[in-house]
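Asks: This structure is in structure tokens; I'll ask about it shortly.
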Amino acid sequence: MSHSSRRSFLKTSAAVAAAAYVGAGRLAAAPVKLPLGLQLYSVRELLPKDFEGTLKKLGAAGYKEVEPAGYYDKTAADFRKSLSDAGLRAVSTHHPLDMFRAKADELIEYGHNLGLEYIVCPSPSRRDPNANGEHMTLDDWHFTAEELNRLGEKVKAAGMSLGYHNHGPEFLKQDGVVFYDELLRLTDPKLVCFELDCGWAASAGLHPEEYLKKTPERFPLLHVKDMVKGANGEYHSTVMGKGVIDYKPVLRAATGLKHYFIEQEEFDMDPIEALKLDAKYMKKLDI
């Protein structure tokens, strides 16, 4: 090979390598490919005023899946039809554990008729409902784990999965033991899964991805919300991308993820417009 030919060859090879590197970078960064989901608690003030109209606005904003937090006196058939008319489907729902314990059979039947895949409890139960004290004890969390396992069997028999959703108290400790860690340890993975609320976990000073890295298969569901610290030092829900949470490492670590739900709990603008911004953020987010 002549000197000039060799020089041309090296130039061409370098160009090809650079193109391959850029292409690999583009392939490595990809948007979240799961359907855009919303926790309907986000529109809790709008649904009672205009149920069908609000759902259609969500569908028009690009949402495909929802997670109810209450049924607004609708039958399962009517609720399901309203969702379908808006281009939506319910994948999961929320019932406080105390409520679910009291009405398990009724709520399981409703969930089955609504076409749910998951029933999620967003709160624990005390072993002694008459006990005093601001915070639950470690024994209360053990009781919660026992009840989740018991109810998880019933939900599984109906063709769905039972999950648990955190807020902030789950990350408190007693005798050096983190309550959330106990729930993960004591619940049967075959009966109970987890829906990690990334916003509340981050507000508790944690990095959500650390839990996801340990046991990603336990977390088929996520609540995706952004949080900002107010003047009073407390965290508040805000539009996605305007808060403190970097969702790229979170979603990279969520290798067991099947569904995620945006949830914005507070608004300083029209809720539908804010939820459009949330949807736009998630659609453009490269992980």
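Asks: Report the antiparallel proportion of the DSSP beta bridges in the chain as a percent, rounded to a multiple of 5.
Replies: 25
Asks: Show the residues, 5+ positions off or on another chain, whose built amide H is closer than 5 Å to the amide H of Ser161.
Replies: Tyr118, Ile119
Asks: Moving on. Using Cβ counts within 10 Å as a stand-in for footprinting exposure, how do Arg150, Arg185 rank, fewest first?
Replies: Arg185, Arg150
Asks: How large is the charge dipole for the range 157-279, taken about the Cα centre, if only the Cβ atoms of Lys, Arg (+1) and Asp, Glu (-1) carry charge, to the nearest 20 debye?
Replies: For this selection, approximately 520 debye.
Asks: Just one of (1) 22.4, 91; (2) 19.4, 64; (3) 17.5, 50 is Rg and Dmax of the Cα atoms in Å as worked out from the coordinates here. Which one is it?
Replies: Here the calculated entry is (1).
Asks: Rounded to the nearest 500, what is the chain's calculated 222 nm mean residue ellipticity when only DSSP H runs of at least 4 contribute -39500 (n - 2.57) each, over all residues? Kindly include the intermediate steps, with their values, before the conclusion.
Replies: Working: 11 runs with 125 residues, N = 287.
So the helix-based figure for the chain works out to -13500 deg cm²/dmol.
Asks: Out of Ile108, Pro129, Ala202, whose Cα points farthest toward the positive end of the dipole of the range 81-213 (charges: +1 Lys, Arg; -1 Asp, Glu; placed on Cβ)?
Replies: My answer, from the dipole projection, is Ile108.
Asks: Less than 18 Å from a label point 7 Å out along the Cα-to-Cβ axis of Leu138: which backbone N atoms in the range 182-222 qualify, by residue?
Replies: The answer is 182-187.
Asks: Can you sort His259, His135, His165 so the residue with the fewest Cβ neighbours within 10 Å comes first?
Replies: In increasing order of surrounding Cβ atoms, one gets His135, His259, His165.
Asks: Each label point is 7 Å from the Cα along the Cα-to-Cβ direction; what then is the distance between the points at Glu265 and Lys242, in nm?
Replies: 1.7
Asks: Just to confirm my numbers, what's the Cα centroid distance between the range 50-105 and the range 213-227 in Å?
Replies: If you average the Cα positions of each part, the centres end up 21 Å apart.
Asks: GNM on the chain, C-alpha springs below 10 Å: top fluctuator among Thr137, Thr187, Thr93?
Replies: Of Thr137, Thr187, Thr93, the Gaussian network model singles out Thr137 as fluctuating most.
Asks: Name the most mobile residue of Gly199, Gly37, Gly176, meaning the one with the largest mean-square fluctuation, in a Gaussian network model of the chain with Cα contacts below 10 Å.
Replies: The residue that fluctuates most here is Gly176.
Asks: Please compute the contact order of the range 52-121 in relative form: average sequence separation of alpha-carbon pairs under 8 Å and at least six residues apart, divided by the residue count, as a percent. Walk me through the intermediate numbers first.
Replies: Numbers: 87 pairs, mean separation 25.2, N = 70.
It comes to 36 percent, rounded to a whole number.
Asks: Let me ask another. Can you give me the angle between helix 138-157 and the longest principal axis of the chain, using Cα atoms only, in degrees from 0 to 90, rounded to the nearest 10?
Replies: It works out to around 80 degrees.
Asks: What percent does the relative contact order of the chain come to when contacts are Cα pairs within less than 8 Å and at least six residues apart?
Replies: 19
Asks: For helix 3-28, report the angle its Cα long axis makes with the longest principal axis of the Cα atoms of the chain; keep it between 0 and 90° and round to the nearest 10°.
Replies: Relative to the chain, helix 3-28 is tipped by roughly 10 degrees.
Asks: Using a simple charge model, +1 on the beta-carbon of Lys and Arg, -1 on the beta-carbon of Asp and Glu, nothing else, what dipole does the chain show about its Cα centre, in debye to the nearest 20?
Replies: Approximately 1960 debye in magnitude.
Asks: Sort Asp85, Asp197 by Cβ crowding within 10 Å, fewest neighbours at the top. Don't skip to the answer; put the middle values down first.
Replies: Working: Asp85 12, Asp197 24.
Least to most surrounded, the residues fall as Asp85, Asp197.
Asks: Taking the Cα atoms only, what angle lies between the long axis of helix 51-60 and the longest principal axis of the chain, rounded to 10 degrees?
Replies: Between helix and principal axis, roughly 10 degrees.
Asks: How big is the C-alpha Rg of the range 113-263 next to the rule-of-thumb value 2.2 N^0.38 Å, as a ratio? Please list the in-between numbers first.
Replies: Working: Rg = 15.7 Å, N = 151, 2.2 N^0.38 = 14.8 Å.
That ratio works out to 1.06.
Every read-out reported here was derived from the displayed coordinates using simple, explicitly stated rules and does not represent laboratory data. Since we're looking at a predicted model, the values are computed, not measured. Backbone-built Cβ (ideal geometry, glycine too); neighbour counts: all protein chains shown.
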